[in-house]
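Below: one structure, written as structure tokens.
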Amino acid sequence: MIADALADDLFAALCELPIFDSHTHIDPLAPAARSLDDLLGYHYYTELAHSAGMSHESLRADVDPRERCRAILSHVDRFDNTAQYAWLLEIARTYLGFDGDQLAAGDCNALFDSSLRVMAQLDWPAQVIAKTKLEKVFLTNAFDDPLTGFDRDFYVPCLRTDDLVFHLHEPATRERLHRCTGIEVGSWSTLRQAISQLFDRFVRAGARACAISLPPAFAPHVCYFDSPSQLADDLSYGVFWMLAELCNDYQLPFDLMIGVNRRVYPGGVHQGQDLFDQRTSLIQYAELFNAFPKVTFAVSVLSSAQNQELASYAWIFPNVFPHGHWWYSNIPAFIEQDLRARLQAVPKTKLLGYYSDAYKLEFVLPKFNMYRRILAKVLADDFVKPGRLNEVQAVDLGRQVLRGNAERLFCRKST
Amino acid sequence: MIADALADDLFAALCELPIFDSHTHIDPLAPAARSLDDLLGYHYYTELAHSAGMSHESLRADVDPRERCRAILSHVDRFDNTAQYAWLLEIARTYLGFDGDQLAAGDCNALFDSSLRVMAQLDWPAQVIAKTKLEKVFLTNAFDDPLTGFDRDFYVPCLRTDDLVFHLHEPATRERLHRCTGIEVGSWSTLRQAISQLFDRFVRAGARACAISLPPAFAPHVCYFDSPSQLADDLSYGVFWMLAELCNDYQLPFDLMIGVNRRVYPGGVHQGQDLFDQRTSLIQYAELFNAFPKVTFAVSVLSSAQNQELASYAWIFPNVFPHGHWWYSNIPAFIEQDLRARLQAVPKTKLLGYYSDAYKLEFVLPKFNMYRRILAKVLADDFVKPGRLNEVQAVDLGRQVLRGNAERLFCRKST
Amino acid sequence: MIADALADDLFAALCELPIFDSHTHIDPLAPAARSLDDLLGYHYYTELAHSAGMSHESLRADVDPRERCRAILSHVDRFDNTAQYAWLLEIARTYLGFDGDQLAAGDCNALFDSSLRVMAQLDWPAQVIAKTKLEKVFLTNAFDDPLTGFDRDFYVPCLRTDDLVFHLHEPATRERLHRCTGIEVGSWSTLRQAISQLFDRFVRAGARACAISLPPAFAPHVCYFDSPSQLADDLSYGVFWMLAELCNDYQLPFDLMIGVNRRVYPGGVHQGQDLFDQRTSLIQYAELFNAFPKVTFAVSVLSSAQNQELASYAWIFPNVFPHGHWWYSNIPAFIEQDLRARLQAVPKTKLLGYYSDAYKLEFVLPKFNMYRRILAKVLADDFVKPGRLNEVQAVDLGRQVLRGNAERLFCRKST
């Protein structure tokens, strides 16, 4: 019952396109959910239920999964207004045979049983992939991930570097690095050797990006050090700069996910403790963007105010690319404003439209559909209705934003 | 002539609901205007007229009230584009028999005479309350307010604490505190005794909230002190923390109105001198929100950028509730964007939709109508048109946002 | 093919109005383009092409102008989604006889030839002025500009003061000042003498504004100094304050263009190296606004978050006027939100709607048309459809915003 027939048409056309998902947390060895518990365990639902009054008790590991689901579902009527709930409802309808209008505690048994039944199928991940028209899924791999046992053309490895940048002063991290590279890091040069080896291994395994999430106050600068036992802050900047150098050497795009403060609410649920501080600026990255003109920086931000900066920085810096709509900004009211600005101010060849950030394959479809609905609306309102593009051209622009640019940048394919 | 019939319908339905007004500055002993002068004396009109060129002369206390009104009305054609003007026009039409399209200086005598006539009626406040379908009005009471002489079930007391937090270093404030509690404050423990006594008295008088407005740089933290003669800043943090402890003990919601700088324009009209600094973050309150998980923090902010933070903090922290659209952000362009974000990202049980902030009862209706129009439009566009809710469900969601949550949180009523 | 017939009507009516362009960089001795090269050389196209992958090589001064144009046009299909491209297309259609749908490298010869042909006409600037219905164009003049050789009633001089405020510590700037005033600046009093002389000369030449662009961290305050050889920062504040004093004495509006960081991307194209930092606040100007109540501050900002501050500061301070939609914020998605806020919260007599910021006359029309389309939409949606204004009144409001206020403030004409 979408009011606008034109946007409706464009949405349908965009849904025909295979999905290129340039950032996820999917485990290629267990890519799909195994039960409703894997869906409702997604931090969006545990944190919204908790925010709306659910205690930690119901989430404890020793609670029966079905009862854990019932607990969350019994709170769903407190947050069924949210965008996140809408993803869940779409999953229930698409994959679990649900045909009601609203999810509720009373649906728990039917949904749980249905989930066990369909998800037990050997080809369940393949079914979800087919339904989603999913073509490629970027992973988030710890630096010591073995990267084996999965189709690396479909599940593209990505070197996640938060641990290296922010936890290298911890013995445990250095021990992990030692174990996986054989190098005992005691100096700048041994550290570089070790991290180069990681890049080498990842690139040989088909990795197509290096990624990191960064706190609002992070302001990288050229920074050398003699021994990595220095103060954590300086060490962070030194390692970060080294990663940029290696992205340059190995021609890997560098995914910067800017703005998150970790553990702002330590009493929150698992993965539901982080927030942000709007007082941050991309000018903190000017030295970086200038120093590495050949590195593609795929930049995600958390607020619309910083998105305005991002639209301007991407319009000026050849190596800055707006990337998706991340986390707290992945809400229609923000996506619409942020997307309109990007489409009006940034070269279309630089727009990396969307990624799902999903932990389980089932979430890729509803998240992309949310985005595609908004993209269709913006294309209709800002391009087709004013006569700038016809419908075919608008779908072409949508294709480029949704997947063409990502293919070119992450996979060096011309499209 | 509202274009959208669906939004129109929803607006009409929302207007049927009695109004629960969770934050006002109404004086229960003189709740309604006594003449046009009380309406035009609202700082919105004096400051807009002054901003548009009116001198202070016309506002002097010794000016005849009718002439003061004429002066302001003669500037109205300089700001009749504003949302604030629209409230005034609606009041003139609803209460003063005005049937023109635009207010002007030439209407002064008729409006003034009409105001004297209708407002002289003994039951005028009751008439306004009936017309407004007003059910409950929260007050803003100084800590030494006697809280007597009015119906405290309708006019709900609320302990306003700006003086305690920001002016306790002034002898006059301590003298007021002494006078009303009998306690001479000379130490942390006597201060706590005195403030506990205030809470006690307020709660016994039916108070349902503690409230304070805070400057953008305020960043509360646990803070103890020996004598309240310390530096103002430290004292402020100490008193503030104590208030949070007492809100916890007395189970009072704590209204935080975040972001105002006082006396930025000292040459402005009365109450028209304050502004804000966008460089502020809710992360400044993380320690507070963590320390008092059982206190409900009803948070108002002044900018859309901080509203994005608020939507995210309320989605994560169980004790953070977005509250209304305050002051400079109480403008349709901001309300619409802010409200959409809240409705899409925060559990619906936590949305404290709107309060009038009014000084006179007559303003409650046009302010709530402005909000209800926007709420109706957002419900239509984001929920009914995409098929997520039918009209009845949309009105239910509207009811919860408009009054259901406020009833539950402020009055501990389950709704 | 604009969907909304009402907005369409209003747009047509607004297009009938002569344009008052209160801020440009037009050279009155060469106001119009002389070839396509002058159009495509505008930094918006060189920087977007560069951002999308074009090297500096193609822009070198020794490249044949036609080939330089071909290089840029061959990148146009990478940024034909942008608002800036839409201006170019409108120019090609309006002035160069282009009748295609999209510009491309293949159009280079035809466009270039056409541009040479039409722009060689002696009355070409007059033709553009007539087509644009352009009535008045404010210039940006260096302090040592001779201000002669042009019609100063049409091309209104404006004293641009960035060099004085930010480069007076450089011998070259002081030498220029010496040359044009005959005064050797060695002290506060000689500096004041010299700058007073500039104001004198400019005002006698019909100058109607003093203008400056300011970095995000700028926070002016009363500041005196003995010798202008002091530290640059203090010197900047001292000179800036002196300019405000002289604006007061000479009754010149002071254009503040707030928020730009210079040379953030030194590797960028000419004029494509500057960006901004969202962490800035108008509170930094509170002391200034208070100190000079009689100076009209026409304020431009770079972000929507600061626009929210601007709407509030202009609602409170009688001497603060929102001015246009500057540079990175001159994008429809931002203009629409920023304009709605201003129209709803600021007295209409204070809204200085738009300026082109153009370097060549040809750009005035498409830029103003972009703004007028948005203004028409906002007037339709927020004023006519809700029944607040009829169409005639809405056009009147549009006229006041587009030119009435600018005429009154900059030219002291009552309108």
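Quick look at the numbers
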{"read-out": "Other-chain or far-sequence residues with amide H under 5 Å of B:LEU352's (modelled H)", "value": "B:GLY324"}
{"read-out": "Of A:THR280, A:GLN308, A:VAL395, farthest towards positive along the dipole that unit charges on Lys, Arg, Asp, Glu beta carbons give the stretch A:269-415", "value": "A:VAL395"}
{"read-out": "Probe 1.4 Å - accessible area at A:ARG192, Å² to nearest ten", "value": "60"}
{"read-out": "Carbon/sulfur fraction of accessible area - the protein assembly as shown, other protein chains in place, 1.4 Å, %", "value": "52"}
{"read-out": "³J(HN,Hα) computed for each position of the stretch C:78-85 - Karplus, 6.51 cos²θ - 1.76 cosθ + 1.60, integer Hz, glycine/proline x", "value": "8, 9, 6, 7, 7, 4, 5, 4"}
{"read-out": "Whether the stretch B:333-414 is rounded, prolate or oblate, judged on the alpha carbon gyration tensor where a/c under 1.5 counts as rounded", "value": "oblate"}
{"read-out": "Loop-located trypsin sites (Lys or Arg not before Pro) in the stretch B:285-344, at most 12 other Cβ atoms within 10 Å (DSSP)", "value": "B:LYS294"}
{"read-out": "Chain A: C-alpha gyration tensor shape, a/c 1.5 cut-off, then a/b vs b/c", "value": "oblate"}
{"read-out": "Max mean-square fluctuation residue, GNM over chain A, Cα-Cα springs under 10 Å, options A:VAL299, A:VAL165, A:VAL392", "value": "A:VAL392"}
{"read-out": "Simple Cβ-charge dipole of the protein assembly as shown, Lys/Arg +1 and Asp/Glu -1, about Cα centre, in debye nearest 20", "value": "600"}
{"read-out": "Local electrostatic count, A:ALA358, Cβ distance below 12 Å [Lys/Arg +1, Asp/Glu -1]", "value": "-3"}
{"read-out": "Other-chain or far-sequence residues with amide H under 5 Å of A:ALA211's (modelled H)", "value": "A:LEU159, A:ARG160, A:THR161, A:ASP255"}
{"read-out": "For C:ASP8, net neighbour charge (Lys/Arg +1, Asp/Glu -1) across residues whose Cβ lies under 12 Å away", "value": "+1"}
{"read-out": "Descending semi-axes in Å of the stretch C:1-72, equivalent ellipsoid built from Cα gyration tensor", "value": "33, 19, 11"}
{"read-out": "Per residue value of the accessible surface for the protein assembly as shown (all protein chains in place, 1.4 Å probe), Å²", "value": "34"}
{"read-out": "Inter-part distance where the stretch A:59-79 and the stretch A:307-362 are each reduced to a Cα centre, Å", "value": "34"}
{"read-out": "Net dipole in debye of chain A [+1 Lys, Arg Cβ; -1 Asp, Glu Cβ; about Cα centre; nearest 20]", "value": "880"}
{"read-out": "Chain B - mean residue ellipticity at 222 nm from DSSP helices (-39,500 (n - 2.57) per run, n ≥ 4, rounded to 500)", "value": "-13500 deg cm²/dmol"}
{"read-out": "Dimensionless Rg ratio for the stretch C:324-371, taking C-alpha atoms and the 2.2 N^0.38 Å reference", "value": "1.18"}
{"read-out": "The stretch A:64-148: C-alpha gyration tensor shape, a/c 1.5 cut-off, then a/b vs b/c", "value": "prolate"}
{"read-out": "Within a Gaussian network of chain B (alpha carbon springs, distance under 10 Å), most fluctuating of B:GLY206, B:GLY272, B:GLY387", "value": "B:GLY387"}
{"read-out": "Under-5 Å amide H pairs with B:ASN261, H placed in peptide plane, nonlocal only", "value": "B:LEU275, B:PHE276, B:ASP277"}
{"read-out": "Residue among C:LEU36, A:LEU379, A:LEU214 farthest towards the positive dipole end of the protein assembly as shown, charges placed on Cβ", "value": "A:LEU379"}
{"read-out": "Whole-Å distance, taken between Cα centres, linking the stretch A:84-152 and the stretch A:372-415", "value": "27"}
{"read-out": "Average projected area [Cα convex hull, the stretch C:150-301], square nanometres", "value": "9.8"}
{"read-out": "Pairwise burial A:B, computed as accessible area of each alone minus the pair, summed, 1.4 Å, Å²", "value": "3300"}
{"read-out": "Debye equation applied to the C-alpha atoms of the stretch C:86-136, log10 I(q)/I(0) at 0.30 Å⁻¹", "value": "-1.19"}
{"read-out": "Interface residues in the stretch B:285-323 - accessible area drops by 20 Å² or more relative to the isolated chain, probe 1.4 Å", "value": "B:ASN290, B:ALA305, B:GLN308, B:GLU309, B:SER312, B:TYR313, B:TRP315, B:ILE316, B:PHE317, B:PRO318"}
{"read-out": "Stokes-Einstein D (µm²/s) once Rh is taken as the Kirkwood radius of the protein assembly as shown over alpha-carbon pairs, at 4 °C in 1.567 mPa s", "value": "40"}
{"read-out": "Accessible area in the full protein assembly, largest first, 1.4 Å probe, for B:ARG60, A:ARG34, B:ARG408, C:ARG66", "value": "A:ARG34, B:ARG60, B:ARG408, C:ARG66"}
{"read-out": "Alpha-carbon centroids, the stretch A:232-306 and the stretch C:270-291: separation in whole Å", "value": "25"}
{"read-out": "Measure of compaction for the stretch C:1-131 (Cα Rg per 2.2 N^0.38 Å)", "value": "1.14"}
{"read-out": "Cα lying deepest toward the dipole's positive end in the protein assembly as shown, options B:ALA83, B:ALA244, C:GLY100, charges on Cβ", "value": "C:GLY100"}
{"read-out": "Table column - 3J(HN,Hα) (Hz), the stretch A:203-219, Karplus curve with 6.51, -1.76, 1.60, x for Gly and Pro", "value": "5, 5, 8, x, 4, 10, 6, 10, 9, 7, 9, 10, x, x, 8, 4, 9"}
{"read-out": "Total lysine pairs under 18 Å (Cα atoms) in chain C, excluding pairs fewer than 8 apart on one chain", "value": "14"}
{"read-out": "Choice from C:PHE368, C:PHE150, C:PHE254 with maximal GNM fluctuation in chain C (Cα, 10 Å cutoff)", "value": "C:PHE150"}
{"read-out": "Local net charge near B:VAL156, Cβ-Cβ under 11 Å (Lys/Arg +1, Asp/Glu -1)", "value": "-1"}
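The values are calculated or read from the model by the stated rules, or taken from the named source; none is laboratory data. Owing to the predicted nature of the structure, the values given are computational and were not obtained by experimental measurement. With ideal geometry, Cβ positions are generated from the backbone for all residues, glycine too; neighbour counts draw on all protein chains shown. Accessible surface is based on the protein model in full, side chains and every heavy atom, while ligands, DNA and RNA are left aside. Shrake-Rupley method; radii C 1.70, N 1.55, O 1.52, S 1.80 Å.
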